1. So in the chain, what percent of DSSP beta bridges are antiparallel if you round to the nearest 5?
2. Could you pull out the chymotrypsin sites (Phe, Trp or Tyr not before Pro) across the stretch 23-121 that fall in loop regions by DSSP (anything but H, G, I, E, B) with no more than 11 other Cβ atoms inside 10 Å?
3. Give the range of the longest stretch in the chain that excludes all trypsin sites (Lys or Arg not before Pro) found in loop regions by DSSP and having at most 12 other beta-carbon atoms within 10 Å.
4. Identify, among Gly92, Pro64, Pro141, the residue whose Cα sits farthest towards the positive end of the charge dipole of the stretch 1-157, taking +1 on the Cβ of Lys and Arg and -1 on the Cβ of Asp and Glu, with the dipole about the Cα centre.
5. Over the chain, calculate the relative contact order: mean separation of alpha carbon pairs under 8 Å at least 6 apart, over the residue count, as a percent.
6. So what is the accessible area of the stretch 1-157 per residue, in Å², with the probe set to 1.4 Å?
7. For Thr175, list long-range residues whose amide hydrogen, built 1.01 Å from N in the peptide plane, is under 5 Å from its own amide hydrogen.
8. Rg and Dmax of the stretch 65-209 over Cα atoms: what are they, in angstrom?
Amino acid sequence: MTGGRASGAELLIGHTRDEFRLFTVMAGRMGTFTDHDARTALDLFAPQPHGADAYRAAHQRATPEELLETVYSDALFRMPSLHLAEANAVAGGTSFLFELCLAAPASGGVLGACHSIDVPLAFGTLDSPTGRQMFGDLPGPEAVRVSHELQQAWTRFVATGDAGWVAHRPDQRLTRVLDTESKTVPYPEEVSRRIWENHTPAPFDLETT
């Protein structure tokens, strides 16, 4: 879009706060990541040439696991979503950006606001196997409320082109944070945004073996 290859459109896009946590838990690696693991992740996925140093400077008290999850979440999900919203706005479109921060209470809350938690919320299927896996057999009022808000945002956007909050623009970067108390605020992952400024997340090659 920013290169002039596409014009802007009406866009509703978002990501979760703890995108990579799902994969950490599914792989059985939670609590096992070392400094070497974090260093490898930063070298592979942080923007070059100074991204790894920027992450460490911005998260000086972070554990190796927190550093690894942050850079993976940014490179794979959060920054591509943000950059698409920004490029669409620059191209003349209207971008509505959200970050889902409601943590899954099931399994002692280890999943946080992980990748795919938005699916049962958006479709109102909290009683599905996936919904129960994340929110338990009896979802709490917070999950029900966020589910209603997300469903209303999507249906309103489809019907009118307006998600129900202020659009994300480069000069304001307003984002809807969906949580126990939802609010529209400046982009909540500002530290990561600055690290990735002027760097485009690269697509990943899929090799067939």
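1. Taking every DSSP beta bridge with both residues in the chain, the antiparallel ones total about 30 percent.
2. Passing sites in the stretch 23-121 do not exist.
3. 62-209
4. Gly92
5. Working: 325 pairs, mean separation 54.2, N = 209.
Dividing the mean separation by the residue count of the chain yields 26 percent.
6. 49
7. Val185, Tyr187
8. Here Rg and the maximum Cα pair distance are 16.3, 47 Å.
The values are calculated or read from the model by the stated rules, or taken from the named source; none is laboratory data. Predicted, not measured: the structure shown is a model, and the values here were computed from it. In this analysis, Cβ positions are derived from the backbone assuming ideal geometry, glycine residues included, and neighbour counts consider all displayed protein chains. Side chains included, ligands, DNA and RNA excluded: accessible areas come from the protein's heavy atoms. Shrake-Rupley method; radii C 1.70, N 1.55, O 1.52, S 1.80 Å.
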